[in-house]
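Below you'll find the structure, written out as structure tokens, and then a few comments.
The values are calculated or read from the model by the stated rules, or taken from the named source; none is laboratory data. Bear in mind that the values here come from a model prediction, so they are computed numbers and not experimental data. Ideal geometry is used to build each Cβ from the backbone, glycine not excepted, and the neighbour counts take in all protein chains shown.
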Amino acid sequence: MSDRLEVRSHDRSYTVELGVDHVSALQQYLGAEEILLVDPNVLGSHARLRELVGSRDPLLVRASEAVKSYEGLVPLLDELVRRRVTRQHRLVAIGGGVVQDATGFLASILHRGLRWVFFPTTLLAQCDSCIGSKTSINFREYKNQIGTFFPPEAIQIDLTFLATLPETELRSGFGEMLHYYLVSGEADFARIEAALPNALASREGLQPLVLRSLEIKRAVVERDEFDRGERALFNYGHSFGHALEAASDHAIAHGIGVAYGMDLANLLSAARGLIPMALRNRIRQTLSRIWSSTPIPALDPARFWDGLLHDKKGRAGSIQIVLTAGPGRMLSVPLLAGDEERKQINAFFEERLYQVDR
Ligand SMILES: NC(=O)c1ccc[n+]([C@@H]2O[C@H](COP(=O)([O-])OP(=O)(O)OC[C@H]3O[C@@H](n4cnc5c(N)ncnc54)[C@H](O)[C@@H]3O)[C@@H](O)[C@H]2O)c1
Ligand SMILES: [Zn+2]
């Protein structure tokens with residue numbers, strides 16, 4: 001049984017179909033006006049997809065951060081222009097968040113806007129990035145500095161893509177999902193806390209978890225699509241997570257960095273007396289399932305701090321972080337002036353305060 005979700009956006013609504021079979025769903029997008037942009041890893045591991053689109057000359061989009069940049073988009077633009085892309089065309093993206101961002105950004109700038117459709121193939125793209133309208137590319141070493149708000153007209157989610165997703169990417173997706181459940185509230189957190197061990201062990205039973213994750217995100221992006229207020233609370237775990245990703249040269253996958261970042265935020269929240277340490281420890285138990293096979297490598301603290309300062313959500317003059325007064329009660333606050341919190345953050349890494357069995 002598939003689920004259907006409508007998401008309201010600034011200029012129109014779009015639909016998410018969850019639990020589709022990609023081969024049947026793709027049939028409606030194989031006309032002369034469609035141009036497919038596909039992650040070659042996905043094509044390589046899904047024979048039915050290959051049979052269906054192989055003869056249609058899809059553009060291959062490698063899932064590397066380098067593709068999401070001006071230079072990285074040039075070969076794709078060359079090819080699209082060579083194929084004489086017009087406003088009548090529709091782009092069909094099949095892949096994870098990289099293919100999504102590259103295709104969405106191209107769709108938003110080509111002829112001032114082409115229709116596009118997205119088939120997310122990673123858990124992160126399915127439970128998070130596919131909705132919310134954002135398209136972003138990187139500039140120099142800084143991530144997602146350039147972008148637009150340009151949602152696809154439809155999103156088709158086939159969970160069977162996840163059968164071939166590498167374990168680290170799966171955990172990264174669960175890290176992101178956990179973040180939505182924590183931002184939502186105690187009932188949702190208790191639900192994922194109970195469901196996560198089985199969901200991690202077998203990729204079965206995911207549909208209701210993904211659906212709920214999208215519902216939580218939808219409620220906020222419908223109220224604050226352009227990220228001027230409430231949506232910033234989704235930054236919970238993210239400023240620290242991004243800095244950790246950057247300082248580790250991306251050895252830490254996004255959702256895993258976010259899991260570490262949430263624990264660090266919870267630790268600082270406990271230190272400020274916003275939550276009891278027992279709650280921080282309870283949440284850490286679940287978060288540690290995400291990062292258990294990805295220890296933090298030796299980091300240069302200066303690079304971590306540089307990343308934190310450059311995080312696009314930081315405000316001039318102070319570093320804005322999201323702390324918590326408990327599940328569902330996130331708050332955006334400045335990092336304390338003085339050294340105390342800086343020392344706590346350095347200790348988190350140096351003394352490995354995230355380890356559960358310390
Ligand atoms: N636009 C947004 O709102 C938004 C939100 C979050 C993240 N993002 C962006 O998304 C990107 C990360 O995307 P991601 O985590 O989805 O991963 P990804 O697109 O980088 O893919 C991760 C890896 O998994 C492979 N892969 C993808 N699907 C597969 C499948 N079904 N089977 C086997 N291998 C598969 C890819 O080839 C790649 O090697 C980042 O660039 C991030 O900035 C965008
Ligand atoms: Zn994220």
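Within region 201-222, the set of residues being away from ligand 1 (no atom under 14 Å from the Cβ) and either at pLDDT below 95 or in a loop (DSSP other than H, G, I, E, B) (or both) comprises Ala201, Ser202, Glu204, Gly205. Among the residues that make up region 87-103, is at least one of them under 29 Å from Asp11 (Cβ atoms), within 16 Å of ligand 2 (Cβ to nearest atom) and acidic (Asp, Glu)? Checked against the condition, which is being under 29 Å from Asp11 (Cβ atoms), within 16 Å of ligand 2 (Cβ to nearest atom) and acidic (Asp, Glu), region 87-103 yields at least one hit.
Per the conditions (1) in contact with a helix residue (DSSP H, G or I) (Cβ under 7 Å, 6 or more places away or on another chain); (2) within 16 Å of ligand 1 (Cβ to nearest atom), the sole criterion not satisfied by Glu193 is (2). Residues of region 175-184 include at least one that is of a type in the set (Phe, Trp, Tyr) and farther than 18 Å from Val98 by Cβ. Within region 253-279, the residues that satisfy the criterion of being away from ligand 1 (no atom under 12 Å from the Cβ) and either in contact with a Leu (Cβ under 7 Å, 6 or more places away or on another chain) or basic (Lys, Arg) (or both) are Ala259, Tyr260, Gly261, Met262, Asp263, Ala265, Leu267, Leu268, Ser269, Arg272, Leu274. Does Glu71 satisfy being more than 16 Å from ligand 2 (Cβ to nearest atom) and among the acidic types (Asp, Glu)? Spelling it out, Glu71 is indeed more than 16 Å from ligand 2 (Cβ to nearest atom) and among the acidic types (Asp, Glu).
Selection of first residues in region 267-293 that are at pLDDT 95 or above and of second residues that are loosely packed, with under 15 Cβ neighbours inside 10 Å and part of a helix (DSSP H, G or I), restricted to Cβ pairs under 6 Å at least 6 apart or on distinct chains, gives the following pairs, ordered by first then second residue: Ala270/Met277. Screening Gly255 against (1) at pLDDT 95 or above; (2) within 15 Å of ligand 2 (Cβ to nearest atom); (3) of a type outside the set (Val, Ile, Thr); (4) surrounded by fewer than 16 Cβ atoms within 10 Å (Cβ to Cβ) leaves a single unmet condition, (4).
The set of residues in region 104-125 being within 13 Å of ligand 2 (Cβ to nearest atom) and either within 17 Å of Ile35 (Cα to Cα) or in contact (Cβ under 8 Å) with a residue 60 or more places away in the chain (or both) consists of Leu123, Leu124.
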